[in-house]
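First comes the structure, then the notes that go with it.
The values are calculated or read from the model by the stated rules, or taken from the named source; none is laboratory data. What you are looking at is a predicted structure, and each value in this text was computed from that prediction instead of being measured. Here Cβ is always computed from backbone atoms with ideal geometry, including for glycine, and neighbour counts include all displayed protein chains.
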Amino acid sequence: MPEQPKPIQIKLGDSVANRVNQVLTAIGHPEAAASDSAPTAINALSAISLVATGSGCQKLFSIVEIVKRRLSSEKLVYHQYNRLTGQQVEIETPPTEGTEDKATPATEHPALISRRFKTMPKLEIWLSLQPLPDMSQNPTWTYQSSAK
């Protein structure tokens, strides 16, 4: 996988416009680099990783589609690598009424707390202006490109 300082974590409350500019700046898109609102903390990279979990995956798709449209309108070839996995999350629920001992709070008696695990989707997308051979060879990643 290409070297990168840290993936961009996309959350449900993120601004799409700000994240689009951040991604375009990170991969060296000239229009975003000239923008006053574009972040300057990220230098141009050959590839950038975006990660989202749960409902943030919808926002990640929106951001990536807008970035791809902007790259295509500039006649730039992009390469996209996707991986969808699951992430186990433990959910604790307090006891239902009638099962709790009034003298002992549930926090003091862990047996009263119900625990279950839920699998949350985790989506990772790499965008690059150059092909990434290491990822192309890996069967856990799917590939999409604007190259004809």
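Listed values, structure above:
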| quantity | calculated |
| --- | --- |
| Residues located in the stretch 99-129, provided they are assigned to a loop (DSSP other than H, G, I, E, B), surrounded by 12 or more Cβ atoms within 10 Å (Cβ to Cβ) and at pLDDT below 90 | Glu100, Ala106, His109, Ile113 |
| Meets criteria (modelled with pLDDT of 85 or more and either within 29 Å of Ser55 (Cα to Cα) or touching a Gly at 6+ places or on another chain (Cβ under 6 Å) (or both)) for Pro133 | no |
| Residue list for the stretch 8-45, restricted to those being within 18 Å of Pro131 (Cα to Cα) and at pLDDT 75 or above | Val23, Leu24, Ala26, Ile27, Gly28 |
